[in-house]
Amino acid sequence: MTTLFKNLIGVSLVLCSLSLSAQVNLRRDVLLNDNWYSIASDSNQHAYDGFEASGFNITSWEKVNVPHNWDAYGGYRRLRHGNRHGYAWYRRIFSVLHKEKDKRYFLYFEGVGSYATVWVNGKQAGQHAGGRTTFTLDVTDLIKDNNQPNTLAVRADHPAFITDLPWVCGGCSDERGFSEGSQPMGIFRPVHLITTSSIRIEPFGVHIWNDTSVSEQSAILHLETTVRNYSTKPVPVTITQQLLNKAGQVIVTTTSSTTIQPGDALVTPQQLPEIKSPHLWSVNDPWCYTLVTTISQNGKPVDAVSTPYGIRWISWPIGRTGSNKQFLLNGKPVFINGIAEYEHMIGSSHAFSEAEITARMQQIKAVGFNAFRDAHQPHNLRYQHLLDSMGILWWTQLSAHIWYDSPEFRRNFKTLLKEWVIERRNSPSLILWGLQNESKLPEDFAKECTQLIRELDPTTSS
């Protein structure tokens with residue numbers, strides 16, 4: 001089994017290049033992208049339960065690597081069902097050399113569509129509905145020690161006529177024939193095995209934002225850090241925040257202490273000291289600081305993540321006094337010359353490699369575009385990395401082009417909306433949250449979702 005080990009400070013994508021060699025390696029991230037076996041069925045059956053995932057006979061299965069999608073996508077097709085429906089099974093073996101004391105083991109999936117069910121050694125580890133946001137499962141108690149083989153099995157369901165998730169197949173919609181390409185049926189984004197301390201920062205658990213007093217002369221940065229205690233006893237911790245420039249120099253720092261009860265996930269608010277003459281992020285100078293968040297127990301670091309952050313402010317004409325109707329970035333007008341892109345590629349649909357995403361963004365930048373819109377679903381997080389580092393403004397979207405309404409849909413939509421915002425809200429390139437451009441959400445629910453976005457992202461003004 002080939003594995004790629006990365007000594008990472010955190011799960012967050014590193015948006016700006018920075019050397020952090022002084023930090024200890026508190027986390028381990030193993031990519032589980034190779035040596036999978038998969039088989040697909042066109043049955044419209046949709047089921048989470050009733051399968052002992054250890055009982056596979058994979059002799060007729062196809063050997064694949066992920067990202068992978070069973071719908072190859074043949075381009076835009078005016079077909080009632082131009083998308084493949086059914087379900088796909090995935091299976092691979094992984095091992096852990098030695099389960100370390102006080103460590104936790106997590107499977108981190110970047111995208112499985114449209115419904116995912118995960119088993120480890122025949123026991124169900126968890127589920128997730130909606131393919132375009134990430135999910136993490138604690139599998140510490142399910143995996144075997146001492147380099148024994150662990151069987152990881154994933155079922156990806158994508159039945160026709162889904163009515164409890166946002167628009168997953170235009171071919172099933174009331175606009176018959178409006179398929180807009182394929183939708184994911186498979187593990188179409190990377191998979192990781194992540195090892196951390198039992199006291200750890202939760203995925204995307206560091207939130208950073210500047211308030212409305214920001215200017216070229218000064219900036220105040222606010223922080224919220226979510227730390228979970230996976231142990232069985234209360235744990236006193238210290239949360240240290242350091243803001244570094246590109247040279248790795250500490251600009252400002254702050255520290256807080258608290259106690260986390262067993263099983264709790266505690267959100268700790270903090271504020272960094274005033275930053276004098278901040279280096280601002282812009283389309284011509286996409287400059288990022290890096291926030292290093294360290295959790296210590298009895299004076300010893302037990303977890304840390306790095307969060308890139310660009311200081312900037314935006315202003316839209318709506319809600320602004322005066323006659324100026326321009327979009328302003330850092331108080332200066334920027335003409336938005338943008339492009340929308342469907343996350344489809346002939347031959348593999350949504351299953352993009354990092355190199356393929358990079359090539360797409362380089363082409364967009366080379367043509368002269370300075371803005372990008374997700375059409376119509378949250379794209380791979382590697383887009384976010386490139387948008388931030390290349391200075392391209394970003395309009396992210398969560399599809400709301402539905403032809404149904406139910407309590408189940410509303411509940412799932414709000415869950416996905418929260419995941420979507422939390423994964424992306426630290427990004428300096430992000431200037432607009434979109435509930436699609438042709439939304440059919442009921443007015444009351446659209447207002448509820450809009451308010452939820454504003455609560456999750458305090459920088460949202462309109």
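Where a number appears in this text, it was derived from the coordinates with a stated rule and is not lab data. These numbers were taken from a predicted model, which means no experiment stands behind them. Cβ coordinates were reconstructed from backbone atoms using ideal geometry, including for glycine residues, and neighbour counts include every protein chain displayed.
Values computed for the structure shown
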quantity: Check: the chain dipole with +1 on Lys, Arg Cβ and -1 on Asp, Glu Cβ, in debye; calculated: 600
quantity: Nitroxide proxy distance, nm - points 7 Å out along Cα→Cβ at residue 340 and residue 367; calculated: 1.4
quantity: Packing-based ranking, highest mean first, of 383-396, 329-342 given that Cβ atoms within 10 Å are counted; calculated: 383-396, 329-342
quantity: Qualifying lysines (Cα of each under 25 Å from Cα of residue 276; at least 8 residues distant if same chain); calculated: 246, 332
quantity: Size of charge dipole - the stretch 199-309 - debye, nearest 20, with Cβ of Lys, Arg +1 and Asp, Glu -1, no other charges; calculated: 400
quantity: Positive-end residue, the chain charge dipole about Cα centroid, Cβ charges, pick of 69, 275, 83; calculated: 275
quantity: Sequence ranges 280-288, 158-166, ranked by mean other-Cβ count within 10 angstrom, highest first; calculated: 158-166, 280-288
quantity: Net +/- balance of residues flanking residue 436 in space, Cβ distance below 11 Å, scoring K and R +1, D and E -1; calculated: 0
quantity: Sites residue 414 and residue 250, calculated FRET efficiency, Cβ-Cβ separation with R0 56 Å, nearest 0.05; calculated: 0.90
quantity: Equivalent ellipsoid dimensions for the stretch 314-456 as semi-axes, Å, which come from the Cα gyration tensor, largest first; calculated: 25, 23, 13
quantity: C-alpha center-to-center spacing [the stretch 391-462, the stretch 240-265] in angstrom; calculated: 29
quantity: FRET E, pair residue 259, residue 212, Förster distance 22 Å, beta-carbon r, rounded to 0.05; calculated: 0.10
quantity: Assigned charges on the beta-carbon of Lys, Arg, Asp, Glu; the stretch 385-462 dipole about Cα centre (debye); calculated: 80
quantity: Fraction in percent of alpha-carbon pairs per bin - 5 Å, the stretch 376-462; calculated: 3, 14, 26, 25, 17, 9, 4, 1, 0
quantity: Calculated [θ] (222 nm, deg cm²/dmol) that DSSP helices of n ≥ 4 give over the chain, each run adding -39,500 (n - 2.57); calculated: -4000 deg cm²/dmol
quantity: Protection-proxy order for peptides 106-117, 255-266, 134-145, each taking the mean of Cβ atoms within 10 Å per residue, highest first; calculated: 106-117, 134-145, 255-266
quantity: Flagged links, alpha-carbon separation over 23 Å, of 418/447; 99/233; 325/440; calculated: 325/440
quantity: Rg over Rh, two decimals, the stretch 112-225 (C-alpha only, Kirkwood Rh); calculated: 1.13
quantity: Translational diffusion of the stretch 199-309, µm² s⁻¹ [Kirkwood Rh, Cα pairs; Stokes-Einstein; 37 °C; 0.692 mPa s]; calculated: 223
quantity: Dipole of the chain, positive end: most advanced residue of 261, 218, 379 [Cβ charges, Cα centre]; calculated: 218
quantity: FRET efficiency, 1/(1 + (r/R0)^6) with R0 51 Å, evaluated for residue 72 and residue 330 via beta carbons; calculated: 0.70
